[in-house]
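Bear in mind these aren't lab numbers, they're just calculated from the coordinates by the rules spelled out. Remember, it's a predicted structure, so these values are computed and weren't measured experimentally. A quick note on method: Cβ atoms are made from the backbone with ideal geometry, for glycine too, and the neighbour counts reach across all protein chains shown.
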Amino acid sequence: MPIPTEVVGSLPRPMKLQEAYEQYDQGNITFEELQAEQDKAAEDSIKRLEATGETYVTDGEQRESSFATYPITDTLAGTGLADNLAGDGQFFAIFDDGHHRQLPRLTGGPFRYKTFASEFVEKNKAIASHPVKQAVISASMMMLLYPLEEEIEGYPREQFLDDVVDQVERDIRQAFGAGAERVSIDFTEGRLANKNDSRNPWTGKDMLQEFIDLNNRVLDRFSAEERRNIGIHTCPGGDMDSVHSKEVPYEKLLTKMFQLNAGYFLIQCASEDDKETVYRLVGENSREDANGVPQVCFIGVVNPLTPEVETAEEVKDRLLTAAKYIPVERLGATDDCGFSPFSRDEKPAHGSPDFARDVAMQKISARLEGARMASEELGV
């Protein structure tokens, strides 16, 4: 079987859509008018992905406030916030260029999603001729909505975590029920959990194992056959062409991450200085049998944060080197990260989000051709 390929999830939103989000936040357009712009960008994303030959297609998260907040708010500014949430939560991440992203704060229970990813899958299935995938947010990211130190009166942390696990399971099951063939869980907080940034207190709480255990509570509700198509995505962040945790030694995550009982992993690597060490760590720590499912390792072979387009030959060479450490039957190719995980992202290194959309398709095409070339050379 040839080396499989898969997109992570997000694509840059056109500037026209980003402006529509702003106009909606300001009360100048209706939600229906915002949705019309989302639908246009989603259809364009799907058609362009299909033109590259991408195996699984997605709308590029054009309808989502962000990869992390789609279940709980309509926009990053907090318009349409779900019940029992306030806008002044802790930072999710502080990026290397100085900007930050903030989560809402839980004020009471019960915790419930207001939007499930199945809504996007249903719309995308109506457009797509290729199989559809959907990225969803992790239980561990939702865990950060609860105040870090104190307990909410009448809503203990353990009850909240029970509710989170229920909501994340429902999100995944409904996505499959709506027709998604693959569902990947975004886990960018995994590497960030080892940063210990005094400006961002949760990163100093040594929460990685807690994150893994909580996400396994979700994964373990699915059969081995179901988990073959449930993935985990990891990266050091990607927003406004900046990162939040690339300086954290990757082995701190990669020696533990494969405890997660997922069937496949989408692993940032193209932007790493020492790629071969990453391949080795992945090969040494991924499992042939994760409670009944082999862990397929999709290696990041293109970098969404730079406008320079990798060649198919570069992609091929990266995969051939990775195949020295990772069994070829468990090797795949992906992009390092979503191309634009937050809905307001002008892609400064690219000059504009519209140009970045074009670059993204070129990078995806190079990934697909490089994976084909590597498969041919490896005889698979």
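The residue that is farthest from Asn200 (Cα to Cα), counting only those in region 49-94 that are in a loop (DSSP other than H, G, I, E, B) and of a type in the set (Phe, Trp, Tyr), is Tyr56. For region 118-140, the candidate set comprises residues that are touching a strand residue (DSSP E or B) at 6+ places or on another chain (Cβ under 7 Å) and free of Cβ contacts under 8 Å to residues at least 60 places away in the same chain; within that set, the residue that is nearest to Lys246 (Cα to Cα) is Val136. Going by the conditions given, is Leu254 buried (at least 18 other Cβ atoms within 10 Å of the Cβ) and without any contact (Cβ under 8 Å) to a residue 40 or more places away in the chain? Here the answer is yes, as Leu254 does meet what is asked. Residues in region 137-156 that are of a type outside the set (A, V, I, L, M, F, W, C), closer than 18 Å to Ile185 by Cβ and in a strand (DSSP E or B): 0 in all.
Of the residues that make up region 172-183, is at least one touching a strand residue (DSSP E or B) at 6+ places or on another chain (Cβ under 6 Å), over 20 Å from Thr69 (Cβ atoms) and loosely packed, with under 15 Cβ neighbours inside 10 Å? Looking through region 172-183, none of the residues is touching a strand residue (DSSP E or B) at 6+ places or on another chain (Cβ under 6 Å), over 20 Å from Thr69 (Cβ atoms) and loosely packed, with under 15 Cβ neighbours inside 10 Å. With respect to the conditions (1) under 23 Å from Met257 (Cβ atoms); (2) in a helix (DSSP H, G or I); (3) not hydrophobic (A, V, I, L, M, F, W, C), Gln134 falls short on a single one, namely (2).
Note on region 235-250: residues that are surrounded by 23 or more Cβ atoms within 10 Å (Cβ to Cβ) and touching a helix residue (DSSP H, G or I) at 6+ places or on another chain (Cβ under 9 Å) total 6. A single entry from Glu226, Glu288, Glu272 fulfils the requirement of being outside any strand (DSSP E or B), more than 20 Å from the chain's Cα centre (by Cα) and of a type in the set (Asp, Glu): Glu288. For Arg101, the conditions (1) farther than 22 Å from Glu226 by Cβ; (2) more than 21 Å from the chain's Cα centre (by Cα); (3) outside any loop (DSSP other than H, G, I, E, B) all hold with the exception of (2). On the stretch given as region 178-215, residues that are over 17 Å from the mean Cα position of the chain (by Cα), under 15 Å from Glu247 (Cβ atoms) and among the basic types (Lys, Arg) total 2.
Annotation note: of Glu54, Glu43, Glu6, the sole residue that is in contact (Cβ under 8 Å) with a residue 40 or more places away in the chain, within 22 Å of the chain's Cα centre (by Cα) and over 25 Å from Thr188 (Cα atoms) is Glu43.
In region 285-310, how many residues are among the charged types (D, E, K, R), out of contact with any Phe, Trp or Tyr (no Cβ under 8 Å at 6 or more places or on another chain) and more than 18 Å from Ala356 (Cβ to Cβ)? Count: 2.
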